[in-house]
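Here is the structure we will look at.
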Amino acid sequence: SLVRQALGIEQVTLPYERLIMRVATVPLTESVARLNRLYFSSDGWLAYFYPLGAEQARVFVGLPPESDEEVFQDGIPTLVDELKKFVSESSDAFDSLQSAAWQRIKVSAMRVAAYHRGNAALLGSAAFACHPMTGMGMSYTLRDAEILADVICSAGGDPALLDRLMHERYEPRGNAHRMLIDYGDALAATFHDRDAYLAAFRDDLHTRGEAAEPALQLI
């Protein structure tokens with residue numbers, strides 16, 4: 001974030017070394033429109049399918065680093081073959097993966113020391129990053145935006161009041177973000193083992209609280 005750099009706000013980034021993520025935007029299919037679904041395998045793979053709107057969906061695929069080059073060098077049929085081993089309820093999306101443009105993305109957690117300075121505020125991925133396995137990054141960001149808008153309107157153009165309200169109402173969002181980041185760390189550390197993952201899974205963080213995304217179903 002150029003804004004974060006300009007404000008001189010420090011960040012701490014912790015990469016997830018054992019997971020390479022690929023993401024693609026594809027046409028929306030019936031199963032994805034019905035429910036967000038996150039799948040994981042004991043071989044270190046995960047797949048996340050969720051709608052972007054009335055016509056498009058997004059697919060995240062996470063795989064061990066040693067598998068990434070082989071799978072994407074051999075082409076999408078190899079990827080689909082791997083997904084078929086553990087993706088059970090989203091097979092209607094497989095055909096769209098054939099022509100998808102896959103981007104490799106870095107997966108890391110990120111925290112910042114402060115959420116605002118003066119009349120400039122950080123929002124979304126400029127403010128925090130959690131493991132995509134939580135499936136709640138956008139939900140938290142929408143809630144952050146709601147709080148931020150309320151603070152700005154309440155300040156009524158008074159710089160001193162704005163700063164005070166930011167400290168009182170917006171900066172505390174860091175606690176919620178830290179909890180979500182720690183939760184993502186727990187999921188990433190356990191998803192290779194079903195029992196350990198289910199012990200770490202928190203229904204309240206996935207399906208209640210921030211209330212912006214549809215419920216997520218684990219398969």
Computed curve, the chain, Cα-only Debye sum without solvent term, log₁₀ I(q)/I(0) at 0.12 Å⁻¹, is -0.70
Two pseudo-spin positions, 7 Å from Cα along C-beta at residue 73 and at residue 85, lie apart in nanometres by 1.8 nm
Zone reached by a paramagnetic label modelled 7 Å from residue 196 Cα along Cα→Cβ, restricted to segment 2-16 with backbone N below 20 Å, covers 15-16
Semi-axes a, b, c in Å (a largest) for segment 18-105, each sqrt of 5 times a Cα gyration tensor eigenvalue, come to 20, 13, 12
So, relative contact order of segment 18-105 in percent, Cα under 8 Å, 6 or more apart, is 40 percent
Sorting 156, 26, 14 by the position of each Cα along the dipole of the chain (Lys, Arg +1; Asp, Glu -1; all at Cβ), the one nearest the positive end of that ordering is 156
With x for Gly and Pro, the residue-by-residue ³J(HN,Hα) of segment 36-52, computed from phi through the Karplus equation 6.51 cos²θ - 1.76 cosθ + 1.60 at θ = phi - 60° and given in whole Hz, is 4, 9, 10, 10, 9, 10, 6, 8, x, 9, 9, 9, 10, 10, 8, x, 9
Segment 93-111 scanned against label point 7 Å out from residue 10 along Cα→C-beta; backbone N under 14 Å for 111
If one compares the long axis through the Cα atoms of helix 65-74 with the longest principal axis of the Cα atoms of the chain, the angle in degrees, nearest 10, works out at 60 degrees
Relative contact order of the chain (C-alpha contacts under 8 Å, at least 6 apart) in percent is 25 percent
Dividing the helical contributions, -39500 (n - 2.57) per DSSP H run of n ≥ 4, by the residues of the chain yields a 222 nm value, nearest 500 deg cm²/dmol, of -11500 deg cm²/dmol
With a Förster distance of 25 angstrom and the Cβ-Cβ distance between residue 169 and residue 113, calculated FRET efficiency to the nearest 0.05 equals 0.85
Exposure-ranked with fewest Cβ neighbours within 10 Å first, 144, 185, 92, 195 stand as 195, 92, 185, 144
Under 5 Å from the placed amide H of residue 44, counting only residues 5+ away or on other chains, we find none
Fewest to most Cβ atoms within 10 Å: 45, 102 sort as 102, 45
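Each reported figure results from applying straightforward, stated rules to the coordinates on display, with no laboratory input. Keep in mind that this is a model prediction, so the values were computed, not measured. Glycine gets a Cβ as well: all are built from the backbone with ideal geometry, and neighbour counts include every protein chain shown.
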